[in-house]
1. May I ask you to give the percent of accessible area on region 72-224 that is carbon plus sulfur, with a probe radius of 1.4 Å?
2. Report the FRET efficiency, 1/(1 + (r/R0)^6), for residue 109 and residue 75, where r is their Cβ-Cβ distance and R0 is 41 Å, rounded to 0.05.
3. Per residue, how much accessible area does region 98-200 have with a 1.4 Å probe, in Å²?
4. Report the extension gain between residue 148 and residue 46 in nm, rounded to one decimal, defined as 0.36 nm multiplied by the number of residues separating them, less their alpha carbon distance.
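The values are calculated or read from the model by the stated rules, or taken from the named source; none is laboratory data. Please read these numbers as outputs of a predicted model, since none were measured by experiment. Heads up, the Cβs are rebuilt from the backbone with ideal geometry, glycines too, and the neighbour counts pull from every protein chain shown. Note: areas computed on protein heavy atoms with side chains; ligands, DNA, RNA excluded. Shrake-Rupley method; radii C 1.70, N 1.55, O 1.52, S 1.80 Å.
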Amino acid sequence: MNYIIGRQRRHLSPGDMLHKRTSNPNELISQCTYIAMGNGTRQGGVLSPLLFSIYIRDLLGAVTSSGVGCFIGDQCVNILAYADDFVLLAPSWHALQLLLNILHVQYSSVDLTCNVKKSVYMCFLPKNRHRIFSTTFPLFKVGNSDLQFVPQFKYLGHIITSNLSDNEDIQREIRSMFVRCNLLIRKFYNCSRLVKLKLFQSFCLYFYDIALWSFFHKSMLHKF
């Protein structure tokens, strides 16, 4: 019978197991030797999201407990986490750099690294122009690496722009729909009209982020 507890596998006979059942279970663990784990959680594994959330729980707690971030009423919101994608929210350059420093320290403590090539930052100007102190800022740093400034970014499939306009995301959805429709026509050209309509409804008319559109030009919707 095989016993593995995140360590080296050891073969035990049924007689050994019967004896161990009446012994201290810590003795069984003490006889195992530690091995180095070179891989993370399995991609697509059932337990992977749970194990990863437990692994980064202290990291998220350190950021949220800092009290630095944007306030919605009395609630401080400074980090959004979806799997391994993080979004930091801060009202100023200094505040965001402070959160980045906290995140970098916590990353190092759990042996994680930040992919600076995929990490960017954006600046959202307030509606009241009198509250704008400056439009130019030093580059943000994660450790010794600089982050890139971008006017827009695609997060979880939705394009977010610095002026909070949804026009770019509507155009992305229109282009995506054209691609799906052309693919349907080419692949299922010989199918009946009823089959094509069913496929069109199933694969071309799904807009899971359309509920987020709130600030756009009416002319954009007329292109559908």
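1. Carbon and sulfur: 60 percent of the exposed surface of region 72-224.
2. 0.95
3. Ligands and nucleic acids excluded, the result is 72 Å² per residue.
4. Roughly 33.3 nm would be gained on extension.
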